[in-house]
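As structure tokens, the structure follows; a few thoughts come after it.
Please treat every number below as a calculation from the coordinates, not as lab data. The structure displayed is predicted, hence computed values, not measured ones. With ideal geometry, Cβ positions are generated from the backbone for all residues, glycine too; neighbour counts draw on all protein chains shown.
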Amino acid sequence: MTSRTISLQDKKQIVIDFLLKCNVYSDQMLDKYTEQSSQSDSKDQAAIQQKIHDWTSYHDFNAYAIEELTGEELDDWF
């Protein structure tokens, strides 16, 4: 049995790639809810605005994590 060692940079890139894909999905969800918001009546607005807020927060969190991964701050996690 052989063990394959993945470099620190490769490990970080794997996580970055995953988070970028998550943000593509969150962008799609934001587009969906923004469209719904423009077409819905006032009783649905609060729920839709909450979803927009939640997806925006998720996107921002991932973007921040990606930024940290490009540096050395999270290297101890790997």
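Quick notes
- All positions within region 23-46 that are aliphatic (A, V, I, L, M) and either surrounded by 12 or more Cβ atoms within 10 Å (Cβ to Cβ) or in contact (Cβ under 8 Å) with a residue 40 or more places away in the chain (or both): 29, 30
- Restricting attention to region 7-65, the residues that are under 29 Å from residue 76 (Cα atoms) and of a type in the set (Ser, Thr, Tyr) add up to 7.
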